[in-house]
Amino acid sequence: MPLDISPFQARRARLLQTMQAAGGGVAVIPTAPERIRNRDTHYGYRFDSYFYYLTGFREPEAVLVLVAGDTPRSILFCRSKDMEREIWDGYRFGPEAARETFGFDETHPVAALDEQLATLFANQPAIFHSVGYEPAWDSRIADALNRVRAQARTGCHAPGQIRDVRGLIDEMRLVKDASELATMRRAAEISAGAHRRAMRATRPGAWEYEVEAELLHEFRRHGSQAPAYGSIVAGGANACVLHYVENDSQLKDGDLLLIDAGCELDGYASDITRSFPVSGRFSGPQKAAYELVLASQAAAIEAIRPGAGWNDPHDAATRVLAQGFIDLGLLTGTLDGVLESGSYRQFYMHRTGHWLGLDVHDAGEYKLAGEWRPLVAGNVLTVEPGCYIRPADGVPEAFWNIGIRIEDDALVTDTGCEIITAATPKSVADIEAVMAEG
């Protein structure tokens, strides 16, 4: 299917307008470098999210330059055609085909970039660059800037400012366009199917990595290029380790299994967590803790709407959880006392969500001028309350080693929110029914 380049062109045009409103200048946005895994073996390549957001171009060794002025220009520097390397590494667009395919105003070989940067910077008011993100790029930008300064006697002046281009793009990335949402809905659909498959495959005696393999198989067979992050498949006490990644323990009858996994599709992440009984049936304490987390998630989802503060869903979930910990006998005292003291953090120690998009922890600030950012239609965020009950004095033994997180992906709409991962079983009855199919 041909790539629709119009969303990428529209984003470049918007960024150029923002740069022009700030006084104009030149933006330099490189893609990610290839990384060595060991000896002469590379990690699987993944482009830089900022670069891809503006270009749709997936090859390494590429740089986008945007010139904001009376005649705005988008310029791509990329690898030249090289039939010898293409025999070994695969197809390269080359500058000419890249210009035609991706809609740039100009394209040049990436080998010419350093030579041209000084010319591009000359007589410009500002450079838009990600200062401090990649030291090698800081050095290249500084070198080009110094070459412009060396021409002062010819009447040429150097940019007087260096501005953070990522901050400008972050604000754009916070509101997803129709193209992005279509991809994210499809990623959510694939991931929901993978979680259903994992539920059916889970049984006492299986290994965590076997269940992980079911997830990865379902991701890939539906076109996902990779997991969006390292999958967490955590049985029993492992579920109380928030970033557990070993996935090498055997599943035991009577334990819960927590799976935090989502696929990446065309650069966009999905992020789903489900917790369910290895045996296929919740015990009494497991069900009580699970339904508490489910109720806290429902409260958080209810709080998601345009104009609500970023922290409102977290506050709503935390109140439900804190009261539930008291009701279950895990904590003592009043709700206000538990919230004020922070004692609930023994069992719930993380935030209730994060932005989601090209990065699983996506770009964008959470506060503006010291206040929580108001949500707007087009934001996508996760909703993921949990409880993690480790053995401890004063904790009823029936609840020991119960780790539960329930996570969905929410799109803020004009009137509330849409849960784009809703196809993933979540109620006790639905989970037990799906597991019975296995």
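Mind counting lysine pairs for me in the chain? Cα separation below 28 Å, and the two need to be 8 or more apart along the chain or on different chains.
Details: 176/367; 176/426; 252/287; 252/426; 287/426.
Final tally of qualifying lysine pairs is 5.
How large a share of the accessible area of segment 1-98, in percent, is made up of carbon and sulfur atoms when the probe is 1.4 Å and the other protein chains stay in place?
Details: 2650 of 5120 Å².
Percent of accessible area from carbon and sulfur atoms in segment 1-98: 52.
Which residue, 235, 280, 184, has the largest displacement toward the positive end of the dipole of segment 142-283 when charges sit on each Cβ (Lys, Arg +1; Asp, Glu -1)?
My answer, from the dipole projection, is 184.
What's the ranking of 334-342, 195-203, 266-274 by average number of surrounding C-beta atoms within 10 Å, highest first? Intermediate values should be presented prior to the final figure.
Working: 334-342: 13.3, 195-203: 21.0, 266-274: 25.0.
Packing order, densest peptide first, comes out as 266-274, 195-203, 334-342.
Carbon and sulfur together cover what percent of the accessible area of segment 215-304 at a 1.4 Å probe radius?
Working: 1590 of 3180 Å².
Percent of accessible area from carbon and sulfur atoms in segment 215-304: 50.
Please state, to two decimals, what the Cα-based radius of gyration of segment 112-175 comes to when divided by 2.2 N^0.38 Å (N = residues). Walk me through the intermediate numbers first.
Working: Rg = 13.1 Å, N = 64, 2.2 N^0.38 = 10.7 Å.
That ratio works out to 1.22.
Of the DSSP beta bridges with both residues in segment 1-153, give the percent that are antiparallel, rounding to the nearest 5. Please list the in-between numbers first.
Numbers: 13 of 19 bridges.
The antiparallel fraction comes to roughly 70 percent.
With a sphere of radius 12 Å drawn around the Cβ of residue 273, what net charge do the other residues whose Cβ falls strictly inside it have (Lys, Arg +1; Asp, Glu -1)?
Net charge around residue 273: -3.
State the percent of C-alpha pairs, over all pairs in the chain, separated by a distance greater than 32 angstrom.
Details: 44616 of 95703 pairs.
Everything past 32 Å amounts to 47 percent.
Give the peptides 252-263, 156-167 in descending order of average Cβ contacts within 10 Å, highest first.
On the way: 252-263: 22.9, 156-167: 16.5.
So the peptides 252-263, 156-167, ranked by packing, come out 252-263, 156-167.
Where nothing but the Cβ of Lys and Arg (+1) and of Asp and Glu (-1) is charged, how large is the charge dipole of the chain around its Cα centre, in debye to the nearest 20? Could you put the intermediate results ahead of the total?
Values: 43 positive and 61 negative charges, 120 e Å.
Here the size comes out at about 580 debye.
Students often check this: by mean Cβ neighbours within 10 Å, which of 301-312, 358-369 ranks highest, and how do the rest follow? Intermediate values should be presented prior to the final figure.
Details: 301-312: 18.0, 358-369: 15.6.
The packing order, highest mean first, is 301-312, 358-369.
Positive end of the charge dipole of the chain (Lys, Arg +1 and Asp, Glu -1 on Cβ, about the Cα centre): tell me which of 17, 215, 323 has its Cα farthest that way.
17
Calculate, for segment 190-297, the solvent-accessible area per residue in square angstrom, rolling a 1.4 angstrom probe over the heavy atoms of the protein chains.
Details: 3850 Å² over 108 residues.
With the other protein chains kept in place, segment 190-297 gives 36 Å² per residue.
What net charge do the residues around residue 306 carry, taking every other residue with its C-beta under 15 Å from that of residue 306, with Lys and Arg at +1 and Asp and Glu at -1?
On the way: positive: 176, 305, 373; negative: 302, 312, 414, 418.
Local net charge: -1.
Can you give the angle from 0 to 90° between the axis of helix 208-221 and the longest principal axis of the chain, with both taken from C-alpha atoms, to the nearest 10?
The answer is roughly 50 degrees.
For segment 271-350, divide the Cα radius of gyration by the Kirkwood radius and give the resulting Rg/Rh value with two decimals.
On the way: Rg = 13.7 Å, Rh = 13.7 Å.
Rounded to two decimals, Rg over Rh is 1.01.
Give the angle, between 0 and 90 degrees and rounded to the nearest 10, that separates the Cα long axis of helix 284-302 from the longest principal axis of the Cα atoms of the chain.
Between the helix axis and the principal axis of the chain, the angle is about 40 degrees.
Assigning unit charges at the beta carbon (Lys, Arg +1; Asp, Glu -1) and nothing else, what dipole magnitude in debye, to the nearest 20, does segment 149-205 show about its Cα centre? Don't skip to the answer; put the middle values down first.
Details: 12 positive and 6 negative charges, 70 e Å.
Roughly 340 debye for segment 149-205.
Under the rule a/c < 1.5 gives rounded, and otherwise a/b versus b/c splits prolate from oblate, where does segment 190-345 land using the Cα gyration tensor? Write out the running numbers ahead of the final one.
Numbers: a/c = 2.45, a/b = 1.39, b/c = 1.76.
Oblate.
The values are calculated or read from the model by the stated rules, or taken from the named source; none is laboratory data. All values reported here derive from a predicted model rather than from experimental measurement. So basically every Cβ, Gly included, is an ideal-geometry build from the backbone, and we count neighbours across all protein chains shown. Just the protein is used for accessible areas: all its heavy atoms, side chains included, with ligands, DNA and RNA removed. Shrake-Rupley method; radii C 1.70, N 1.55, O 1.52, S 1.80 Å.
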